[in-house]
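Remarks on the structure that follows.
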Amino acid sequence: MDFFDVIRTRRSIRRFDERPVEEEKLAAILEAANAAPSAGNLQAYEIYLLRDQPALTRLAGVIGNMDFFPEAKVVLAFCTNPERSVLRYSDRGRTLYALQDATIACTHAMLAATALGLSSVWVGAFQEQAVAEALSLPASIRPVALLPIGYPGETVEPRSRRSLKELVHSVK
Ligand SMILES: Cc1cc2nc3c(=O)[nH]c(=O)nc-3n(C[C@H](O)[C@H](O)[C@H](O)COP(=O)(O)O)c2cc1C
């Protein structure tokens, strides 16, 4: 798919059908995430991959009222790993770059999923501690974005956006 078609057609999809996510597509999504830029190329994040039913069920159990969660065939959990950035960038690495690294990788994964005919929704509303426990994360690893992925089980109209006139501030 053309890049701008990917941007134009991506939607947050919260219903998934029964089709599994093919191995090649999952591999391509993970490669796309890994290709994302990061501060100093330090990649101060980790990706936790959930595709086995016990792990998916465990995570869905701590996510709360998002009933689409159990329908996802794959969930990628993007987590910051600030220790990878802090040595070079101190506080800015710990508090900002690690978060930016993790979330741009998630964006790459989300767009790659769309390009492959899959759907996803970025999930940020969760109890970090509960998710960390469900994923058995080490203490320094912080979950910041979950990306359930599957084939779409719904069609969704595009959501409106702010106008560019309002959003973009021209600096002279
Ligand atoms: C940082 C972030 C957090 C989000 N958290 C959630 C969430 O917890 N649950 C959810 O259903 N959607 C979540 N979304 C999806 C947004 O609701 C969605 O992107 C927005 O409404 C625009 O719709 P669109 O993605 O279809 O263009 C999140 C998106 C982002 C970028």
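The values are calculated or read from the model by the stated rules, or taken from the named source; none is laboratory data. Since the structure is predicted, the reported quantities are computational estimates derived from the model, not experimental observations. All Cβ positions, glycine included, derive from the backbone under ideal geometry; neighbour counts span all protein chains shown. Ligands, DNA and RNA are excluded from the accessible area calculation, which covers all protein heavy atoms including side chains. Shrake-Rupley method; radii C 1.70, N 1.55, O 1.52, S 1.80 Å.
Structural remarks
- Taking the criterion of being open to solvent by less than 40 Å² (accessible area, probe 1.4 Å) and within 16 Å of the ligand (Cβ to nearest atom), the residues of region 14-51 that qualify are F16, A33, A36, Y45.
- Contact annotation: residue pairs with Cβ atoms under 6 Å, 6 or more positions apart or on different chains, pairing a residue in region 31-49 that is in contact (Cβ under 8 Å) with a residue 60 or more places away in the chain with a partner that is in a loop (DSSP other than H, G, I, E, B) and open to solvent by less than 60 Å² (accessible area, probe 1.4 Å), are Y45/N81; E46/N81; E46/I141; Y48/L135.
- Complete set of residues in region 63-85 that are modelled with pLDDT of 95 or more, in a helix (DSSP H, G or I) and open to solvent by less than 70 Å² (accessible area, probe 1.4 Å): S85
- Among the residues listed as V75, V62, V86, the single one being over 18 Å from the mean Cα position of the chain (by Cα) and aliphatic (A, V, I, L, M): V86
- Restricted to region 86-128, and to residues there that are over 30 Å from E22 (Cβ atoms), within 16 Å of the ligand (Cβ to nearest atom) and without any contact (Cβ under 8 Å) to a residue 60 or more places away in the chain, the residue that is least open to solvent (accessible area, probe 1.4 Å) is A98.
- Just one of (1) open to solvent by 50 Å² or more (accessible area, probe 1.4 Å); (2) more than 12 Å from the ligand (Cβ to nearest atom); (3) touching a residue at least 60 places away in the same chain (Cβ under 8 Å); (4) of a type in the set (F, W, Y) fails for Y151. It is (1).
- Residues (assigned to a helix (DSSP H, G or I) and basic (K, R)) located in region 33-62: R58
- Residue within region 137-147 that is basic (K, R), away from the ligand (no atom under 11 Å from the Cβ) and more than 23 Å from N65 (Cα to Cα) present: no
- Filter result (more than 16 Å from the chain's Cα centre (by Cα), part of a helix (DSSP H, G or I) and not acidic (D, E)) within region 7-32: R8, T9
- Pairing residues of region 1-13 that are open to solvent by less than 80 Å² (accessible area, probe 1.4 Å) with residues that are outside any loop (DSSP other than H, G, I, E, B), at Cβ distances under 6 Å and at least 6 apart in sequence or on separate chains, gives V6/L111; V6/T114; V6/A115; R10/T114; I13/S119; I13/P152.
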